[in-house]
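These notes are about the structure you will find just below.
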């Protein structure tokens, strides 16, 4: 017969894995846990901590988060894949999100996207430029429709971006 | 960063009064402006009395549904047997809407004060402010304001926490938001149970929109009668409302006017009309989820819950999306359908499959491969997607499609008949 | 009418059901099956497939029958034009990305998508011009394959693993029409009860590797039975194709296993199809080994053996023997100083956390309790010692019992005893549990019937028949002509069974008298 295996126990996947939840990050997580009556509620904040520390969230990281919060890796993966801001693979040093939903679209947002793809050298949506510095994606509504076109570069929210402004922005973040 | 416009004389800046004043963001600056007086006043009131006052004011939820706020609060158990929670919905993500963002980043304490008062009214000891993940700047502002207010000991035993979303439109739906706080996929829950019976962590919960709560301190301070008196048309719609005007208009931005304000005046006077050489074609008045209005309809619409309903649309969140005569409505409707297809949580069949199929049909029409029967198919599909799912995301996808085909059928037919050059959808 | 009953009308049929009943369950009682996918009575309500939309009078819109509790005076219409149109709409949407590969799909013929589309779906598709969503097949676990293309995202499997198995190794991944059932790469769907996801899947998306391409659903004959895997007594259905057992599935019994069986019970069935069977009675012929004989001669020989012996008799029985056979075996030896034992194999216990009192039990012995109620014990070693110098040793379906007897050995079995043990003086071919009718008593004292799923080979007969004939031959009187008659004989004599009749056992069984007593009934 098959044996019950504790699904929460991550399987070893090589030894070069650097756990995220150590030292200060672990302390921050403990602080976050005080805000909620369940450990599971700290899942989104914990994933943010992983992304902050590592840039993206690998399957192994999901297993670590699961272990720390008493969840299963599969459960964590289901949640990670629901939220579009969690990266499931590495992205460029500068991650550009251009809103192209209708209110911005009608104001020329797709031209802004094209300008970013061209000036960053990323070429294709979601692809990272050869120098590893840029990844450009289209996103759905950033909630700043009156300031078309809003663009998120990493954590910087930039309003009223036009194709003409793009070269300057690309230089600034380089 | 700067607030783009000085209030127009026809505006009634209550919530937006301090937009643009950087000093208003600090605790000191807020107190200097009379901040937290309403909270101090509310602390002397019985919870039921606060609820009664808000009921009396006629304040209705500003997130989209327009449910009477005081009534919602009154659904919470009077006798507290378990923890009560307040959720603040700062997941503003309805296309066309960007009013909460301004409240968060200019007047964080206005929201915190409203949050504290509401928490007292519903006897909640914990409030979570759920801020969408993309709102990096509002998050930073709120975090600092909360820290300052806490240092000043403003809230007593009440705990207020910020919770960051991670990219999901549907988390603006109230039960999806609760699931998201609980560390789950942001799936809307079947109701009943309603949040007041079993909400966040299964406990009695009230959830309010940012703008709704921002209005509460003003009502406490200046009275229900004052608020209720602000009404230009239907007495069922009271107070001021922030309208986020965007799209193809001369001066987009947030405009605060009294309920019942004519949409025509908002567009042509406050927003400076169309861009040079352009004429108005269509308006979506309440965020992307509501039916489109034609120019004629828009120019005679009064902006309140009833005025919009009269035109077969909804006030929604007050996100006014403007299209001028250069807009390709087929393309824009496709783009909206694509938005909903992207954001569907995947639970309900009609939504998961219907939003995606709708998008595909629209893309094909744009590509010049549409068939005359596609329009009936879209309408039939939309009917199948309306009123049949857990939440209204699928209805929201259907609304612009149905109203678009009904009111601008010729634009679709031009593509189908080959009278218009096909466009490749990006 | 009692307060806790609610009266409502479903499709013009008035029914009264307990308060809190869901409309979908009330409808079943009114004889109406509301089409559904995500709903399953053994799982928490999800309300996501939206297939069970029905019209409820006075409700502003259609309601899902799976999440709507009944109300007094409620009027439900499942066949209103609006409800039918809504369900047709759901079916159309479920099909747009469904591959329609029914000809090669294991589920075809027992597929709820196929059934409901046939019943009330559109005759054609309006999605002809678009490619269908494609994802490759995934290996989820030891016995489960996932075919995402066929998946309708009902989430039954996810809810089973999370809420019933308590081991959430499956998830819904991604959103919108990109969604699929996911698993973490480091995890396996290897819970001891994982196989239930295959039964729960309403379409052919989760498949059993064991059953893969074995049969088309319409080729299967279905027989209600009781699992022989352990002492839990889970109710099962044996699926046979051309007299071969090809699949074991759970049969609902809310008192025992609800809707589930474990993988051990599910996959341990090959012995039922063994080909190396004893097909005729065999008698020893000095110098020539065994000789196949007819039953009359076999019974004559048995009478000689039994009639010529005095003193001690020992029965060594398999716990898979029916209660009827165990009873008759004991009664046959009533004239002797008798000892009886069953051999109990012990394995690892594997509970299903979401269902109280449900586990793969350590005792892999389906009729251990029945044997104990009839005076058998489980001290196998002691019984073997006793057998060594007993006048008569009756072996009941245990081919590997290491019998070292100086007396006579009568062996009733399905296969020849293993070489190296004392060769029996008489070998009587019997049917196995899939080939006969009978009862088992589970660990909680529930007497449950199992039915004949396949024919026994050659001259093999149910053990109760063989023993009944032997008894009649030895003591005169009539042999029981059926399992029912054999059971009624035992019920008349053994106190624990006294209140029971074979007929009253029905499909879900009845408890013996004083079921909490560890051992009851007559002592030898």
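What to note about this one:
- Any hit, the stretch C:192-211, residues being in contact with a helix residue (DSSP H, G or I) (Cβ under 6 Å, 6 or more places away or on another chain), more than 14 Å from chain B (Cβ to nearest Cβ), over 17 Å from residue C:249 (Cα atoms) and not in a loop (DSSP other than H, G, I, E, B): no
- Some residue of the stretch C:128-138 being assigned to a helix (DSSP H, G or I) and closer than 24 Å to residue C:46 by Cβ: no
- All positions within the stretch C:470-493 that are part of a loop (DSSP other than H, G, I, E, B) and in contact with a helix residue (DSSP H, G or I) (Cβ under 7 Å, 6 or more places away or on another chain): C:478, C:479, C:480
- Scanning the stretch B:66-77 for residues being buried (at least 16 other Cβ atoms within 10 Å of the Cβ), free of Cβ contacts under 8 Å to residues at least 24 places away in the same chain and over 11 Å from residue B:121 (Cα atoms) gives a total of 1.
- Residue match in the stretch B:318-327 (condition: under 15 Å from residue B:244 (Cα atoms), more than 13 Å from every other protein chain (Cβ to nearest Cβ) and within 18 Å of the chain's Cα centre (by Cα)): no
- Scope the stretch C:1-23; condition under 21 Å from residue C:87 (Cβ atoms) and surrounded by 13 or more Cβ atoms within 10 Å (Cβ to Cβ); matching residues: C:8, C:9, C:10, C:11, C:13, C:22, C:23
- If the condition is being within 14 Å of another protein chain (Cβ to nearest Cβ) and either farther than 27 Å from residue B:186 by Cα or surrounded by fewer than 23 Cβ atoms within 10 Å (Cβ to Cβ) (or both), then the stretch B:135-159 contributes B:136, B:137, B:139, B:140, B:141, B:143, B:146, B:147, B:150, B:158, B:159.
- Residue count, the stretch B:348-373 (criterion: within 26 Å of the chain's Cα centre (by Cα) and either modelled with pLDDT under 95 or within 9 Å of chain C (Cβ to nearest Cβ) (or both)): 9
- As a summary of the residue check, residue B:50 satisfies the conditions (1) in contact with a strand residue (DSSP E or B) (Cβ under 6 Å, 6 or more places away or on another chain); (2) in a helix (DSSP H, G or I) except for the one numbered (1).
- The single condition from (1) buried (at least 24 other Cβ atoms within 10 Å of the Cβ); (2) away from chain C (no Cβ under 12 Å) that residue B:417 fails is (1).
- Of the residues making up the stretch C:255-263, at least one is on the phi < 0 side of the Ramachandran plot and surrounded by fewer than 20 Cβ atoms within 10 Å (Cβ to Cβ).
- Total residues in the stretch B:143-186 satisfying the condition of being more than 18 Å from residue B:85 (Cβ to Cβ) and within 21 Å of the chain's Cα centre (by Cα): the figure is 5.
- Some residue of the stretch B:187-196 being in a loop (DSSP other than H, G, I, E, B), over 28 Å from residue B:53 (Cβ atoms), in contact (Cβ under 8 Å) with a residue 60 or more places away in the chain and under 18 Å from the mean Cα position of the chain (by Cα): yes
- Residue match in the stretch C:24-44 (condition: within 13 Å of chain B (Cβ to nearest Cβ), without any contact (Cβ under 8 Å) to a residue 60 or more places away in the chain and surrounded by fewer than 18 Cβ atoms within 10 Å (Cβ to Cβ)): no
- All positions within the stretch C:271-302 that are touching a strand residue (DSSP E or B) at 6+ places or on another chain (Cβ under 8 Å) and closer than 19 Å to residue C:248 by Cβ: C:272, C:273
- Residue in the stretch B:162-173 that is farther than 20 Å from residue A:50 by Cα, surrounded by fewer than 24 Cβ atoms within 10 Å (Cβ to Cβ) and away from chain A (no Cβ under 13 Å) present: no
- The set of residues in the stretch A:136-174 being outside any loop (DSSP other than H, G, I, E, B), more than 9 Å from chain B (Cβ to nearest Cβ) and crowded, with 23+ Cβ neighbours inside 10 Å consists of A:136, A:151, A:166.
- Any hit, the stretch B:232-240, residues being closer than 30 Å to residue A:159 by Cβ and in contact with a strand residue (DSSP E or B) (Cβ under 9 Å, 6 or more places away or on another chain): yes
- Of the residues making up the stretch B:174-219, those that are away from every other protein chain (no Cβ under 12 Å) and in contact with a strand residue (DSSP E or B) (Cβ under 7 Å, 6 or more places away or on another chain) are B:174, B:195, B:196, B:199, B:205, B:206, B:207, B:208, B:209, B:211, B:213.
- Counting only helices (runs of 4 or more DSSP H) that sit wholly inside the stretch B:266-358, those with at least 1 residues that are touching a helix residue (DSSP H, G or I) at 6+ places or on another chain (Cβ under 9 Å) and closer than 21 Å to residue A:104 by Cα are B:295-298, B:329-343.
- Of all residues making up the stretch C:287-299, the number that are surrounded by 14 or more Cβ atoms within 10 Å (Cβ to Cβ) and either out of contact with any helix residue (DSSP H, G or I) (no Cβ under 8 Å at 6 or more places or on another chain) or part of a helix (DSSP H, G or I) (or both): 5
- Helices (runs of 4 or more DSSP H) contained in the stretch A:21-86 and holding at least 2 residues touching a residue at least 40 places away in the same chain (Cβ under 8 Å) and within 14 Å of chain C (Cβ to nearest Cβ): A:59-69, A:73-80
- Filtering the stretch A:134-145 to residues that are within 23 Å of residue B:171 (Cα to Cα) and touching a residue at least 12 places away in the same chain (Cβ under 8 Å) leaves A:137, A:138, A:139, A:140, A:141, A:142, A:144, A:145.
- Members of the stretch B:329-342 that are at the interface with chain C (Cβ under 7 Å from one of its Cβ atoms) and crowded, with 24+ Cβ neighbours inside 10 Å: B:341
The values are calculated or read from the model by the stated rules, or taken from the named source; none is laboratory data. Only a predicted model underlies this, so the values are computations on that prediction, with no experimental measurement involved. Every residue, glycine as well, gets a Cβ built from its backbone with ideal geometry; the counts of neighbours run over all protein chains shown.
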